[in-house]
1. For the chain, what is Rg from Cα atoms divided by 2.2 N^0.38 Å, rounded to two decimals?
2. About its Cα centre, how strong a charge dipole does the chain have in debye, to the nearest 20, once Lys and Arg get +1 and Asp and Glu get -1 at the Cβ?
3. Considering only C-alpha atoms, what is the centroid distance from segment 11-27 to segment 60-132, in Å?
4. In segment 8-38, which trypsin sites (Lys or Arg not before Pro) are in a loop and have at most 16 other Cβ atoms within 10 Å, using DSSP for the loop call?
5. Please give the length that would be gained between LYS96 and LYS32 if that part of the chain were fully extended, namely 0.36 nm times their separation in residues minus their C-alpha to C-alpha distance (nm, one decimal).
6. Mean residue ellipticity at 222 nm from the helices of the chain, using -39,500 (n - 2.57) per DSSP H segment of n ≥ 4 over the full residue count, to the nearest 500 deg cm²/dmol?
7. When the Kirkwood radius is taken over all Cα pairs of segment 13-98, what Stokes-Einstein diffusion coefficient follows at 37 °C and 0.692 mPa s, in µm²/s?
8. Set the Förster radius R0 to 41 Å, insert the Cβ-Cβ distance between VAL70 and THR120 as r into 1/(1 + (r/R0)^6), and round the FRET efficiency to 0.05.
Amino acid sequence: MILTEMMMKVTPIKNGTVIDHISAGQALNVLKILGIYHTTDATISVLMNVTSRNLGKKDIVKVEMRELEVGEVNKIALIAPGATINIIRDYEVAEKYAVDMPDLIVGVMRCPNHNCISNTDEPIKSQFLVKNKNPVVLRCLYCEQTITENIADYLI
Ligand SMILES: Nc1ncnc2c1ncn2[C@@H]1O[C@H](COP(=O)(O)OP(=O)(O)OP(=O)(O)O)[C@@H](O)[C@H]1O
Ligand SMILES: [Mg+2]
Ligand SMILES: [Zn+2]
């Protein structure tokens with residue numbers, strides 16, 4: 001591969017957000033969280049299974065013209081707890097921070113237990129205690145059911 005090809009895998013973005021160090025396999029779930037189902041005018045780059053020194057393999061999502069909301073970052077933390085958010089301004093990384101999640105996740109995850117009161121017609125929001133952030137371990141406040149894998153499947 002020639003050098004320019006190696007360096008220019010993806011067009012640089014002028015302003016926007018790079019979500020880096022996404023757990024391999026979660027890039028499409030990140031797009032879902034961001035509500036990106038079809039292309040808009042903005043440039044969106046999705047890299048999957050990129051070789052990473054620390055993670056072995058990782059995914060990266062680059063979204064032009066977009067900064068993320070707290071709720072979006074909290075959801076990304078659930079499916080990719082090691083992700084880094086880079087805010088790009090004028091082609092440069094202007095801000096960088098690690099994703100984080102609150103200690104209590106309210107109204108964001110569906111309880112896997114069908115008999116849980118949060119899955120009935122009662123006007124009750126789901127609530128999960130965060131027992132561990134990376135790897136993610138959640139416990140339902142109502143029925144004690146835990147979620148440790150396939151987190152994206154339970155996002156509301
Ligand atoms: N203008 C840009 N357009 C598209 N992607 C960018 C742009 N600037 C930086 N990036 C990407 O943003 C991420 C963070 O960039 P940075 O230069 O901080 O890399 P880094 O030093 O490897 O960061 P880290 O220490 O977090 O791994 C990288 O994936 C990089 O490719
Ligand atoms: Mg890096
Ligand atoms: Zn429950």
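The values are calculated or read from the model by the stated rules, or taken from the named source; none is laboratory data. In this text, all values refer to a predicted model and were calculated from it rather than measured experimentally. Glycine gets a Cβ as well: all are built from the backbone with ideal geometry, and neighbour counts include every protein chain shown. What goes into the accessible areas is simple: the full protein's heavy atoms, side chains included, and nothing from ligands, DNA or RNA. Shrake-Rupley method; radii C 1.70, N 1.55, O 1.52, S 1.80 Å.
1. On the way: Rg = 17.3 Å, N = 156, 2.2 N^0.38 = 15.0 Å.
So the Cα radius of gyration is 1.15 times the expected 2.2 N^0.38 Å.
2. Working: 16 positive and 18 negative charges, 73 e Å.
About 360 debye.
3. 16 Å
4. Numbers: sites: LYS9, LYS14, LYS32; in loops: LYS9, LYS14.
Within segment 8-38, the qualifying trypsin sites (Lys or Arg not before Pro) (loop, at most 16 other Cβ atoms within 10 Å) are LYS9, LYS14.
5. 20.8 nm
6. On the way: 3 runs with 22 residues, N = 156.
Taking each H run of at least 4 residues, the total per residue is -3500 deg cm²/dmol.
7. Working: Rh = 12.8 Å.
It diffuses with D of about 257 µm²/s by this estimate.
8. E between VAL70 and THR120, to the nearest 0.05, is 0.90.
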